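Worksheet: the structure to be examined is printed underneath.
Values quoted throughout were computed directly from the atomic coordinates according to the rules given, and no laboratory measurement underlies them. In this text, all values refer to a predicted model and were calculated from it rather than measured experimentally. Virtual Cβ from ideal backbone geometry, glycine too; neighbours counted across all protein chains shown.
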Amino acid sequence: GAGVSQSPRYKVAKRGQDVALRCDPISGHVSLFWYQQALGQGPEFLTYFQNEAQLDKSGLPSDRFFAERPEGSVSTLKIQRTQQEDSAVYLCASSLVPGQFYEQYFGPGTRLTVT
Amino acid sequence: EDQVTQSPEALRLQEGESSSLNCSYTVSGLRGLFWYRQDPGKGPEFLFTLYSAGEEKEKERLKATLTKKESFLHITAPKPEDSATYLCAVHATDSWGKLQFGAGTQVVVTP
């Protein structure tokens, strides 16, 4: 079946611009995660949704970062007033159910370059 | 503070030359340890989940093992298509499910 999809795959933004990154999780997956991956590093957690509820946003680096999942399916990560340090790959992952044991399936990521 | 450390950072192998990757972790309570494979320009691809010390899982040429402090990913008789970055991650009991990743081990297998 279809996996997690993300769009756009690549985004170039000028410093100070706002960007919106989209994630379409696997159909029926309750949990959705956003991660940020810098070059040569492992993914770093940003935020977690269970259906439409944002249960953990402890990883968002500043108040310029905002995420939503209004209908419990598609999610959008928005970055306001982008800075050069925001340049990274933004990964979305989904899993079937919350709970003790589950696997997260990742999308291909959006590579954001801030110039 | 939870911590995940992978070693070595990079590994170059000849085809058929078996080796092991290490993932050391410090976590308040472990719900699961995950291994992922990541190819350049792609998202991580799920390989294994291990839940308790002593557990082992296998998939083709890969075998993952878990102790109370570390996990190993053994690659037996690797082929060039096993070239990738291998990521280890932990899910702690005091989190909703976020994974804490190590920096990864970049594996290159030459013919």
Note: probe point = Cα of B:LYS63 + 7 Å toward Cβ; backbone nitrogen < 18 Å; residues of region B:16-31 passing the test are B:16-23
Taking a crude spin-label model, label points 7 Å out from Cα along the C-beta direction, the B:HIS74 to B:SER28 distance in nm is 3.5 nm
Once the in-chain neighbours fewer than 8 apart are removed, the lysines whose Cα is under 27 Å from A:LYS14 read A:LYS57, A:LYS78, B:LYS42
Inter-part gap, Cα centre of region A:72-115 to Cα centre of region B:1-73, in whole angstrom, is 22 Å
For A:ALA38 and B:SER18, extending 7 Å from Cα along the Cα-Cβ vector and measuring point to point gives, in nm, a value of 3.8 nm
For chain B the mean separation of alpha carbon contacts under 8 Å (6+ apart) over residue count, i.e. relative contact order in percent, is 37 percent
Two pseudo-spin positions, 7 Å from Cα along C-beta at A:ARG22 and at B:GLU81, lie apart in nanometres by 3.3 nm
With a Förster distance of 30 angstrom and the Cβ-Cβ distance between A:GLN84 and B:SER7, calculated FRET efficiency to the nearest 0.05 equals 0.45
Excluding residues fewer than 8 positions from B:LYS79 in its own chain, the aspartates and glutamates with Cα under 14 Å of it are B:GLU15, B:GLU17, B:GLU60
Expressed as a whole-number percentage, the relative contact order of chain A with C-alpha contacts under 8 angstrom and at least six residues apart is 37 percent
With Cα springs under 10 Å, the Gaussian network model of chain A assigns the largest mean-square fluctuation among A:VAL12, A:VAL74, A:VAL89 to A:VAL12
Here the gain from full extension of A:THR76 to A:THR113, 0.36 nm per residue of separation minus their alpha-carbon distance, amounts to 11.6 nm
